[in-house]
1. Among ASP130, ASP146, which is the only one that is assigned to a loop (DSSP other than H, G, I, E, B) and over 19 Å from ALA60 (Cα atoms)?
2. Here are GLU139, GLU65, GLU124: which of them is among the charged types (D, E, K, R) and surrounded by 17 or more Cβ atoms within 10 Å (Cβ to Cβ)?
3. Any idea how many residues of the stretch 140-171 are among the charged types (D, E, K, R) and touching a Phe, Trp or Tyr at 6+ places or on another chain (Cβ under 8 Å)?
4. Provide a single number: the residues in the stretch 62-96 that are among the charged types (D, E, K, R) and touching a residue at least 12 places away in the same chain (Cβ under 8 Å).
5. Please go through the stretch 23-34 and pick out each residue that is surrounded by 19 or more Cβ atoms within 10 Å (Cβ to Cβ) and farther than 12 Å from CYS134 by Cα.
6. Which pairs have Cβ atoms under 9 Å, sit 6 or more apart or on different chains, and link a residue in the stretch 97-110 that is farther than 12 Å from ALA60 by Cα to one that is open to solvent by 80 Å² or more (accessible area, probe 1.4 Å) and outside any helix (DSSP H, G or I)?
7. Need pairs with beta-carbon distance below 9 Å; first residue aromatic (Phe, Trp, Tyr) and within the stretch 28-51, second assigned to a helix (DSSP H, G or I); sequence gap 6+ or separate chains.
Amino acid sequence: MRIIGKQILIRDLKFADEEDYYLYGKDEHVGPNAGWKPFPNITVARRVLSGQMMSKETYAIALKESNQLIGTISLYNSGIRKYNKVKSLGFSLNYNYWNQGFMTEAVQLMMEYAFTKTDCEILEVGHHMDNFGCKRVIEKCGFTFDGVLCSYKKLYDGRLVDACFYSMKKEEYERKIERE
């Protein structure tokens with residue numbers, strides 16, 4: 001995959017991303033907000049990166065000018081809704097690039113891809129209750145709040161977290177694009 005935006009591009013992950021992947025994945029601001037433990041070393045980062053490359057569901061968010069990895073975005077089959085034309089989004093971003101529009105652009109690019117290049121009819125996305133940055137991105141992109149799933153997940157540190165979920169139907173996306 002290769003999707004080119006204004007500031008970023010979304011592309012396949014590669015082994016050359018290993019160092020950048022480790023640098024942002026070890027940051028205490030990134031992993032815990034997404035529900036995973038920060039990488040303790042590059043060996044763990046390499047193993048996780050390899051798994052994501054094999055899954056073919058997670059892609060690199062890279063700076064357009066340098067192709068440097070600054071985050072990841074996943075588009076995968078939904079586990080919440082029991083309908084086969086639903087896709088879910090997941091994402092994380094290097095802390096040094098927060099609040100600069102990169103993630104909003106990445107989500108918008110993946111929305112376009114999901115609704116125009118796949119059979120997706122509903123796109124869903126969620127965040128842990130206290131992840132306000134993620135919430136802001138989701139709302140900026142125009143998703144509709146569906147509700148809170150209490151005790152959604154037990155995290156690596158033993159905390160039980162609630163999660164907020166949002167969705168967008170293909171028709172809603174099309175109307176949104178017409179208005180812009």
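The values are calculated or read from the model by the stated rules, or taken from the named source; none is laboratory data. Everything quoted here is computed from the prediction, not taken from an experiment. Reconstructed Cβ throughout: ideal geometry from the backbone, glycine too, with neighbour counts over all protein chains shown. In case anyone asks, the SASA skips ligands and DNA or RNA and just uses the protein heavy atoms, side chains included. Shrake-Rupley method; radii C 1.70, N 1.55, O 1.52, S 1.80 Å.
1. Details: ASP146 fails: assigned to a loop (DSSP other than H, G, I, E, B).
Being assigned to a loop (DSSP other than H, G, I, E, B) and over 19 Å from ALA60 (Cα atoms) holds for just one of ASP130, ASP146, which is ASP130.
2. Working: GLU139 fails: surrounded by 17 or more Cβ atoms within 10 Å (Cβ to Cβ); GLU65 fails: surrounded by 17 or more Cβ atoms within 10 Å (Cβ to Cβ).
The match here is GLU124.
3. Looking only at the stretch 140-171, we keep the residues that are among the charged types (D, E, K, R), and these are 140, 146, 153-154, 157, 159, 162, 169-171.
From the residues that got through so far, the ones that are touching a Phe, Trp or Tyr at 6+ places or on another chain (Cβ under 8 Å) too are 146, 162, 170.
Total satisfying the criteria: 3.
4. Filtering the stretch 62-96 for residues among the charged types (D, E, K, R) gives 64-65, 81-82, 85, 87.
Now restrict to residues that are touching a residue at least 12 places away in the same chain (Cβ under 8 Å): 64, 81, 85, 87.
Selection size over the stretch 62-96: 4.
5. Taking the stretch 23-34 as the starting set, the residues that turn out to be surrounded by 19 or more Cβ atoms within 10 Å (Cβ to Cβ) are 24-25, 30, 33.
Correct list: TYR24, GLY25.
6. GLY101/LYS6; GLU105/LYS6; LEU109/ILE4
7. TRP36/GLY25; TRP36/VAL48; PHE39/TYR21; PHE39/TYR22; PHE39/GLY25; PHE39/GLY31; PHE39/ALA45; PHE39/VAL48
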